[in-house]
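The values are calculated or read from the model by the stated rules, or taken from the named source; none is laboratory data. The structure presented is a predicted model; accordingly, all values stated were derived computationally and were not measured. Every residue, glycine as well, gets a Cβ built from its backbone with ideal geometry; the counts of neighbours run over all protein chains shown. All accessible areas refer to the heavy atoms of the entire protein, side chains included, with ligands and DNA or RNA removed. Shrake-Rupley method; radii C 1.70, N 1.55, O 1.52, S 1.80 Å.
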Amino acid sequence: MAKRLVLAYSGGLDTSVAIHWLTARGYEVIATTIDVGEAKDTSVLMQRAVGAGAVDVRIIDLKQEFASQFLWPALQANALYQGRYPLATALARPLLAQALCAVADETGAQAIAHGSTGKGNDQVRFDVAIATLRPGTEIVAPAREWGLTRADEIAYAAQYGIPVQATLDAPFSVDANLWGRSVEGGVLEDPWNAPPEECYEWTADPETAEAKEVTVAFEAGVPVAIDGVALGPVPLIAEAQAVAGAAGVGRIDLMEDRLVGIKSREIYEAPAATLLIAAHQELEFLTLPRELLQHKAGIEQTFAQTVYNGLWFSPLREALQAYIASTQQAVSGEVRLKLAHGKVTVLGRKSPSAVYSHDLATYGAGDLFDHQAAVGFIKLYGLQSQAYAKAQAAKAHA
Ligand code: ARG
């Protein structure tokens, strides 16, 4: 009897060929496309999957879940891997794995397959998540086992009449969702090469892009409006992408350290993430006390690394996220930013829960700061440095 298998299906060359390859190895393939914000023609997807031999095709829209359960926690963590990459791909993988497991449960499938190669982070993210959520599931990664080149795949598709739309000269490998696009391969593999303009689809050329001002409003660490227009998570991210992208904001060129030990050159386009993280972090600077900001910065880095390294479904990620969530109650208010020449500059910020107090900070009239208290504070604050200096001096004279 054929083994039932759920395949993460993107509609591209790799996974279309994979349907045929898996079918030829005795699997009954349920092609499953999960929509996390990469616009795709669903009728074309259906036709291709069936044409390649899938017994069933499922298209599941999880944009809302992706935004509220994955992107908002990442935003609250100001999560940037190696200080730069907003983790779009890394955040989507665990949600995809979860959805694949749910389809496998529903259809009684024994196996789950994904299109990751043996060189990247995505295989780790998928495999670890699936093994954690659905122990005993057989995991198949055709590209990892098979190791075909793009040319081989095109030839395979032609040989078996698999409907694909791929040409040999596809310049880059791209993954995209609500939080950003990642682009790798081709001429980018030489880190000395400047990224060609055709890498970019969501951002205008920063040199010629028009400057703009934008206001982002937050409630308890969640963005709720742009320029005074209240928006739900998915449309808000789309609007942030449009506004920031038009100003050329969100291009990232990173020498990245993969979990598997490879350094790779990655181009990202993440206008929404770049704008929203800048605004969110600014509001934290206004509303959170110094000690918390300093301590949270370390937690943020660990959160970004944990997500990047494929440990979304881990007690560590849960604990870090709980910490981060506990800091967000005060992070409400508005941030005014200028977007110009690919850069975000904060112009202003305000909040009903600002820790900033004009009466304490002012050099003008109405100053409430206790200047005399500063004298005693300084005396104690410098005590150890003075004692140390005194001891050193005594030693030198002995
Ligand atoms: N390097 C990034 C990550 O590990 C993105 C990889 C996405 N894949 C691609 N074909 N561009 O999260």
Looking at A54, A79, A67, can you tell me which residue is within 16 Å of the ligand (Cβ to nearest atom), in contact (Cβ under 8 Å) with a residue 12 or more places away in the chain and of a type outside the set (K, R)? A79
Can you spot a residue in segment 111-123 that is open to solvent by 60 Å² or more (accessible area, probe 1.4 Å) and among the basic types (K, R)? yes
Does W179 satisfy being farther than 21 Å from S16 by Cα and either of a type in the set (D, E) or open to solvent by 30 Å² or more (accessible area, probe 1.4 Å) (or both)? no
Within segment 9-40, of all residues that are of a type in the set (V, I, T) and open to solvent by less than 20 Å² (accessible area, probe 1.4 Å), the one farthest from L62 (Cα to Cα) is V17
Apart from one, (1) buried (at least 23 other Cβ atoms within 10 Å of the Cβ); (2) closer than 18 Å to F126 by Cβ all hold for A79; the odd one out is (2)
Do we have I139 as of a type in the set (V, I, T), part of a strand (DSSP E or B), open to solvent by less than 30 Å² (accessible area, probe 1.4 Å) and touching a helix residue (DSSP H, G or I) at 6+ places or on another chain (Cβ under 9 Å) here? no
Pair list, Cβ < 7 Å and 6+ apart or interchain, from segment 29-49 residues that are under 22 Å from V234 (Cα atoms) to residues that are of a type in the set (F, W, Y) and not in a strand (DSSP E or B): T32/Y9; T33/Y9; V36/F66; G37/F66
Given the criterion surrounded by 20 or more Cβ atoms within 10 Å (Cβ to Cβ) and either aliphatic (A, V, I, L, M) or touching a Gly at 6+ places or on another chain (Cβ under 7 Å) (or both), identify the matching residue among L133, L148, L100. L100
